[in-house]
There are 2 protein chains.
Amino acid sequence: MITSTSNAKVKRLVNLRKKRRARDAEGVFLTEGLRMFQEVQESELKELYVTERFYEKEKKLVDEKCRAGRCGIEVFSETVMEYVSDTRHPQGVLCVVRQRNGDGWEGILEGRKSGKAASCPLILLLDNLQDPGNLGTIFRTGEAAGVTGILMSRDCVDVYNPKVIRSTMGSIFRLPFWYAEDLPAAVREMKAQGICTYAARLNGTCVYDEPDYRKPSAFFIGNEGNGLREDIAELADCYLKIPMAGSVESLNAAIAAAVLMFEAVRQRRH
Amino acid sequence: MITSTSNAKVKRLVNLRKKRRARDAEGVFLTEGLRMFQEVQESELKELYVTERFYEKEKKLVDEKCRAGRCGIEVFSETVMEYVSDTRHPQGVLCVVRQRNGDGWEGILEGRKSGKAASCPLILLLDNLQDPGNLGTIFRTGEAAGVTGILMSRDCVDVYNPKVIRSTMGSIFRLPFWYAEDLPAAVREMKAQGICTYAARLNGTCVYDEPDYRKPSAFFIGNEGNGLREDIAELADCYLKIPMAGSVESLNAAIAAAVLMFEAVRQRRH
C-alpha cells in the first residue's frame, strides 16, 4: 500500500491529472469513481488504483476487470487517494485509461463505436470551446440525442481533462470524436460529402426549427465568449438563430447545442 | 482604502459570500463584475466595493449609480478584493444587493418584472435542485425561453449563492421566482388555476413534444441524482419522457429543462 504523497507514482498521477501535456505524452487519461470504472473497457484500462475500503467492497468486479485487462492493482491509503483525486470525496477507485486518438472522419460520420451505425450523419462541430463542464455536458447530451460524432478544433479544451471526463458521465467512451488539425479543411470535406452545415450565431437569420434536419446535418457551436470564428462561420450553408425573449444576450453553449440537437432528433422521429 | 484582510468589513463580506444564513439574516447578496454591476437597479444596490483601478476606469458609471442609489463607495486593495471575491481574477467591483423575497404566486404567473406581461403562463418547477451552476443556467435559459417564472422547493440551492448569481448572467434580476414553503400546496393551487402540469421523468410515458403547450403549462424538474420526489410527481397531469439514444441514463437537469422549455416556445411561435 502506498501511504506517502511524495511517492513517485503519486506525483506522476497528479501530473497526469493537471497537465494535458503529460497525458498526451503518455497517451493516457484518468477516470475516477465506480461508475466510470464500470464503463472502461478492459482493453483500454492500463492501471488501477484503489483504496482498501473500495477493494473490499468491489473485490469481484476489480479482480475480474484487472484479469481481463491484464492490468495490475495498486492500493492507496485514503489520504493518498484524496491527494491524487480531482474530487473532494473520492470513491476510492482511479483508472489510468488509454487515450484513443480520436475516431477520425469515418468515426464521426458513422456514429457509435458499438451498436448499430447511424442511418444519417448528425455532427456537432465545436470551435474553440473552453469550458470543461460545457464540453462534458455536450458529450452526454450528444450521445442522448443520437449525434454521430463531435468534431473539434485543436484549441478546444482537452477532452481528457478530468472535469470533462466527469461531466460526460461515460459518454466519452461511447461517442466518436475527432480533433481536426485543419478545421476549415474538415468543414469543406464535410460539405463535399453532402452534409448541410448550420452555424449557431447571434446574428442568425434562419430560425432554428425551419431547416429540414432529416438530411445529413452538422451544427457549428462557437466559443463561450466570442462565438464562432469568421473563417469557420463563413463556410456554413446557413446561420441559425434561436429566438430569445427577455434581455438575455446569448445561451450557454451546451444549452444552445442541446436545443439544436433535440430539434434535429424531433424532426427525424416524425 | 481597506488593505487588510482582517478588517471587520472584509470578514463580513466573506461571510456573506459563503453562508446562506448570513445572507438571509441581512436580506442581501453579493454580485461581482462590471456586467452584474450594470444590471443592478439603483434601488436594489446597498453597498459598493471597488478597486482603485476599476474606479478610475469606470468613474462616471460608479458615481452615477451610487448617487442614484444613495449608496456609499468603499475602496479595496487588489489583494483584499481577491480575498473577498468568489472568482480567481476579480474585475474589481463587488455589490451588496438587497434580496427580493421572491415574487410570489402572482409574479411567476405573470412573467417579467418589467416589460409586457406574458400572455400565457409557462412555469418551471424545481424540486430539490442542488447544483448552483444548473440553477443559474436554468434562470438564464428560462428568461431566454420566455418562461413566466420559476417555482422552487425550499430545499433547492440558494438562488443567492454566488455561483448561481454568476451563471444567471443577470437573469436573476429579471425572471420572477418563488420559493414555496409548501410545494404540493402550490402545485394544487396551480392546477386549480387551470395550468397543465408536466413532470419530466425517466419512466415518462408521453414523448415531450406530444402535448399542446400553447395552454398554460408548468414543467417539473427534479433533483440531479434522484429526480422528482413522489409527492410532487404524483400531482402532475402527465409524465413526460425525452427519448434518448445510446446508453445515457439521464440528461443534465438544466439540459432537460431547456429541451422542454424550447419545445413549448416553439409550439407557441407556430
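The alpha-carbon of A:K65 sits under 20 angstrom from the alpha-carbons of these aspartates and glutamates, leaving out residues fewer than 8 places away in its chain: A:E32, A:E39, A:E42, A:E44, A:E47, A:E52, A:E56, A:E74.
For segment A:41-89, relative contact order (Cα pairs under 8 Å, six or more residues apart, normalised by length) works out to 46 percent. The angle between the Cα long axis of helix A:253-269 and the main principal axis of chain A comes to about 70°, on a 0 to 90 degree scale.
Using just its DSSP H runs of length 4 or more, each adding -39500 (n - 2.57), chain B gives a mean residue ellipticity at 222 nm of -11000 deg cm²/dmol after division by all residues. Taking other residues whose beta carbon is less than 11 angstrom from the beta carbon of B:T51, and scoring Lys, Arg as +1 and Asp, Glu as -1, yields -4.
Taking segment B:64-98, which trypsin sites (Lys or Arg not before Pro) meet the DSSP loop condition and have no more than 13 other C-beta atoms within 10 Å?
Working: sites: B:K65, B:R67, B:R70, B:R88, B:R98; in loops: B:R70, B:R88.
Passing both the DSSP loop test and the Cβ count: B:R70, B:R88.
Legend: residues in segment B:152-178 shielded by at least 20 square angstrom of accessible surface upon adding the remaining protein chains to the isolated chain (1.4 Å probe, heavy atoms) are B:R174.
Ordering A:211-221, B:167-177 by mean Cβ neighbour count within 10 Å, with the highest value first, yields B:167-177, A:211-221. What separates the B:E210 label point from its copies, with the point 7 Å along Cα to Cβ, is 3.1 nm, written shortest first. Descending by average beta-carbon neighbour count within 10 Å, the peptides B:178-190, B:251-263, A:245-257 line up as B:251-263, A:245-257, B:178-190, the highest first. Helix B:59-69 axis versus longest C-alpha principal axis of chain B: approximately 70°, rounded to the nearest ten. Of the solvent-accessible surface of chain B, computed with a 1.4 Å probe and all protein chains present, 47% belongs to carbon and sulfur. Relative to the other identical copies, A:R154 shows label-point distances of 5.7 nm, where the label point lies 7 Å from Cα along the Cβ direction and values run shortest first. Restricting the count to DSSP beta bridges whose residues both fall in the protein assembly as shown, what percent are antiparallel, rounded to a multiple of 5? The antiparallel fraction comes to roughly 30 percent.
Assign unit charges at the C-beta atoms only (+1 for Lys and Arg, -1 for Asp and Glu), then state the dipole size of the protein assembly as shown relative to its Cα centre in Debye, rounded to the nearest 20.
Value, rounded to 20: 520 debye.
Computed over neighbours whose Cβ is under 11 Å from that of A:E78, the net charge equals -1, Lys and Arg +1, Asp and Glu -1.
Peptide A:141-151 has a mean of 4 when you count, residue by residue, the C-beta atoms of other protein chains within 10 Å of its C-beta. Of all chain A residues, the one whose Cβ lies closest to the rotation axis that maps A onto B, given with that distance rounded to whole Å, is A:A258, 3.
Taking every residue in A:208-220, how many Cβ atoms of other protein chains lie within 10 Å of its Cβ, on average? Don't skip to the end; give the middle numbers.
Numbers: counts 2, 6, 0, 0, 0, 0, 0, 0, 0, 0, 0, 0, 0.
Mean shielding count: 1.
Put a plus charge on the Cβ of each Lys and Arg, a minus charge on the Cβ of each Asp and Glu, and nothing anywhere else: the dipole of chain A about its Cα centre is then about 740 debye.
For the interface of A with B, what's the total buried accessible surface in square angstrom, probe 1.4 angstrom, rounded to the nearest hundred? Numbers along the way, then the final one.
On the way: alone 13180 and 13150 Å², together 23630 Å².
In total, chains A and B hide about 2700 Å² from solvent.
Here the label points at A:L61 and B:R214, each 7 Å from Cα along the C-beta direction, are separated by 4.9 nm in the simple model. Label points for B:S43 are taken 7 Å from Cα along Cα→Cβ. From this copy to the others they lie 6.6 nm apart, shortest first. Tell me the angle of helix A:183-192 to the major Cα principal axis of chain A, expressed in degrees between 0 and 90 and rounded to the nearest ten. Between the helix axis and the principal axis of chain A, the angle is about 60 degrees. Return the lysines within reach of A:K59: Cα separation strictly under 23 angstrom, same-chain partners fewer than 8 residues apart disregarded; answer none if there are no such residues. Answer for A:K59, where 23 Å is the Cα cut-off: A:K9, A:K46, listed by chain and number. Relative to the 2.2 N^0.38 Å rule of thumb, the protein assembly as shown has a C-alpha radius of gyration ratio of 1.02.
This model, with +1 at the C-beta of Lys and Arg and -1 at the C-beta of Asp and Glu, gives segment B:3-142 a dipole about its Cα centre of some 180 debye.
For the protein assembly as shown, what is the accessible area per residue in Å², given a 1.4 Å probe and the full set of protein chains?
Working: 23630 Å² over 540 residues.
I get 44 Å² per residue for this part.
Report the local net charge at B:L109: Lys and Arg +1, Asp and Glu -1, summed over other residues whose C-beta lies under 11 Å from its C-beta. Present the calculation step by step, with values, prior to reporting the outcome.
Working: positive: none; negative: B:D103, B:E106, B:E110, B:E189.
Result for the local shell: -4.
The values are calculated or read from the model by the stated rules, or taken from the named source; none is laboratory data. Model, not experiment: these values are computed from the prediction. Virtual Cβ from ideal backbone geometry, glycine too; neighbours counted across all protein chains shown. Ligands, DNA and RNA are stripped out before the accessible areas are found, and what is left, the full protein with its side chains, is counted by its heavy atoms. Shrake-Rupley method; radii C 1.70, N 1.55, O 1.52, S 1.80 Å.
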